Amino acid sequence: MIHSLFLINASGDIFLEKHWKSVVSRSVCDYFFEAQERASEAENVPPVIPTPHHYLLSVYRHKIFFVAVIQSEVPPLFVIEFLHRVVDTFQDYFGVCSEVIIKDNVVVVYEVLEEMLDNGFPLATESNILKELIKPPTILRTVVNTITGSTNVGDQLPTGQLSVVPWRRTGVKYTNNEAYFDVVEEIDAIIDKSGSTITAEIQGVIDACVKLTGMPDLTLSFMNPRLLDDVSFHPCVRFKRWESERILSFIPPDGNFRLLSYHVSAQNLVAIPVYVKHNISFRDSSSLGRFEITVGPKQTMGKTVEGVMVTSQMPKSVLNMTLTPSQGTHAFDPVTKLLSWDVGKINPQKLPSLKGTVSLQAGTSKPDENPTINLQFKIQQLAISGLKVNRLDMYGEKYKPFKGIKYMTKAGKFQVRT
């Protein structure tokens, strides 16, 4: 199974390594570095890299590559899912997952990794169980450990490990009982020159933060569950009930967890929440070109589009750009030829625009193709697929919990061709 794990930062330094079965030399990462050089961006590094004696499987999160080394053939998604669990666990333990934080808590990191894999096979990947096995670091605990030489390893076996619901520990008590659910949808789309949709799909997740006393049994129902396609559940969800009634029935883990992730790929169900009007032209005879873009909302159910960021990779022959934004700030890097425009919030009454001229190298022919425009944005209190939670009920406990549902739509890879 998984032999070794290497953590590599953005500058290509291996700052942490962990071996389970046998020590694999760091030189195996040379194949990874070669693939990294060939990729234009960090996200484009192939997730599976075959080498003569190993396979390298990697995920890129928080500007860190998590690279697993395996010797025999295994389902790659199995290893990739485990690597994502490792990142989520670090985030849960330390608040943020970064190179500095991992180096500061290197002892806890090794203790957690030792529990997550047993002889290369996943053992405890649930945050609740891990926190009982390895106590999360606090300033007081760190001071005591330094003075006494003790560790964060718990002295008792986790209670949940022995029960039929291993994701939940027993004897949970809270003074305020609350359950919050975040429906977050990410829209990936390619829009052509005329504004027609070439491809569009939605990746959605429902993240939960449940702090309830005892052993509650929850049911979550949707207004339109048929929208959900290609659904992946947390192990706590009773799949039979979902298949027969399209209702989520589960005993939740304690704290934060991802209840389900889903996919909406039917073109007619994917609404495009923003549009871009563009007029980008280069003339053959002149060393000047025209650049105009306007961003506006559509199909947002009256919700505000905010956090809008427009980026565009200009052709190599562009020397400089003289632009005036109606709102926000813009920057053009003459070295990388990257234009970025931080728009902020879109006001439907006064649409933001960016207009000006483009200076081209003298004597060069006009660029073969116009640049593509990439958009980032988010819309609060809107699930663009139209998914709506109908009700959340609790059984098995007498108290009344506080319940809350929040929706958000954001851009994934959203590209407009000009």
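The values are calculated or read from the model by the stated rules, or taken from the named source; none is laboratory data. None of the values given here were measured: they were computed from a predicted structure. Cβ placement follows ideal geometry from the backbone for every residue including glycine, while neighbour counts extend to all protein chains displayed. Please note that ligands, DNA and RNA were not included when accessible areas were found on the heavy atoms of the full protein model with its side chains. Shrake-Rupley method; radii C 1.70, N 1.55, O 1.52, S 1.80 Å.
For the reader, a short list of remarks on this structure follows.
- Alpha carbon convex hull of segment 235-331, volume per residue in cubic angstrom: 230
- Diffusion coefficient, µm² s⁻¹, Stokes-Einstein with Kirkwood Rh over alpha-carbon pairs of segment 1-153 at 4 °C and 1.567 mPa s: 80
- Charge dipole (debye, nearest 20) of segment 19-158; +1 at Cβ of Lys and Arg, -1 at Cβ of Asp and Glu: 220
- The alpha-carbon positions of segment 215-285 define a convex hull whose volume is 173 Å³ per residue.
- Fluctuation leader among 324, 148, 197 - the chain, Gaussian network, Cα springs under 10 angstrom: 148
- Once C-alpha pairs closer than 8 Å and six or more residues apart are averaged by separation and normalised to the residue number of segment 1-125, the relative contact order reads 26 percent.
- Efficiency of FRET between residue 17 and residue 148 - r from beta-carbon atoms, R0 30 angstrom, step 0.05: 0.60
- Split the accessible area of the chain by element, probe 1.4 Å, and carbon with sulfur accounts for 52%.
- Contact order relative to length of segment 304-391, as percent, for alpha carbon pairs under 8 angstrom and 6 or more apart: 43
- Accessible surface area normalised per residue over the chain is 51 Å², counting heavy atoms of protein chains with a 1.4 Å rolling probe.
- Charging the Cβ of each Asp and Glu at -1 and of each Lys and Arg at +1, and nothing else, the dipole of segment 259-418 about its Cα centre rounds to 600 debye.
- Each of 364, 385, 414 was scored by the projection of its Cα onto the charge dipole of segment 346-418, and the greatest displacement toward the positive side belongs to 385; charges sit on the C-beta of Lys, Arg, Asp and Glu.
- Computed from the Cβ-Cβ distance with R0 of 30 Å, the FRET efficiency linking residue 342 to residue 284 stands at 0.35.
- Values of log10 I(q)/I(0) for segment 184-224 across q = 0.19, 0.31 Å⁻¹ run -0.77, -1.08, by the Debye formula with one identical scatterer at each alpha carbon and no solvent.
- Under the criterion of Cα pairs below 8 Å and six or more residues apart, the relative contact order for the chain equals 14 percent.
- Simple label model, 7 Å out from Cα along Cβ direction - residue 71 to residue 277, nm: 6.5
- Column: log10 I(q)/I(0), Debye, Cα scatterers of segment 10-82, q = 0.26 Å⁻¹: -1.55
- Over the chain, dividing the summed -39,500 (n - 2.57) contributions of all DSSP H runs of at least 4 residues by the number of residues returns a 222 nm mean residue ellipticity of -5000 deg cm²/dmol.
- All C-alpha pair distances within segment 304-343, sorted into 5 Å bins from zero, spread as 6, 24, 29, 21, 12, 6, 2, 0 percent across the bins.
- Residue 207 accessible area, assembled protein chains, probe 1.4 Å, Å²: 40
- Note on semi-axes √(5λ) of the Cα gyration tensor in Å: of the candidates (i) 43, 31, 20; (ii) 38, 22, 20; (iii) 33, 28, 20, the value calculated from this structure sits at (i).
- Across 231, 305, the residue with the most accessible area heads the list, and the full order at a 1.4 Å probe is 231, 305.
- Hz values of 3J(HN,Hα) by residue in segment 117-129 - Karplus curve (6.51, -1.76, 1.60), Gly and Pro given as x: 10, 10, 6, x, 10, x, 10, 10, 10, 7, 4, 4, 5
- Rounded to the nearest 20 debye, the dipole size of the chain about its Cα centre is 1460 debye, using +1 on the Cβ of Lys and Arg and -1 on the Cβ of Asp and Glu.
- Dipole of segment 236-340, positive end: most advanced residue of 323, 260, 239 [Cβ charges, Cα centre]: 239
- Phi angles across segment 288-305 convert, under the Karplus curve 6.51 cos²θ - 1.76 cosθ + 1.60 with θ = phi - 60°, into 3J(HN,Hα) values of 10, x, 10, 9, 9, 9, 10, 10, x, x, 8, 6, 10, 6, x, 7, 7, 8 Hz, Gly and Pro given as x.
- Of the cross-linked pairs 298/355; 193/413; 135/211; 366/410; 103/406; 388/410, those separated by over 28 Å at the C-alpha level are 366/410; 103/406.
- Residues residue 121 and residue 303, FRET efficiency given R0 of 45 Å [Cβ-Cβ distance, rounded to 0.05]: 0.45
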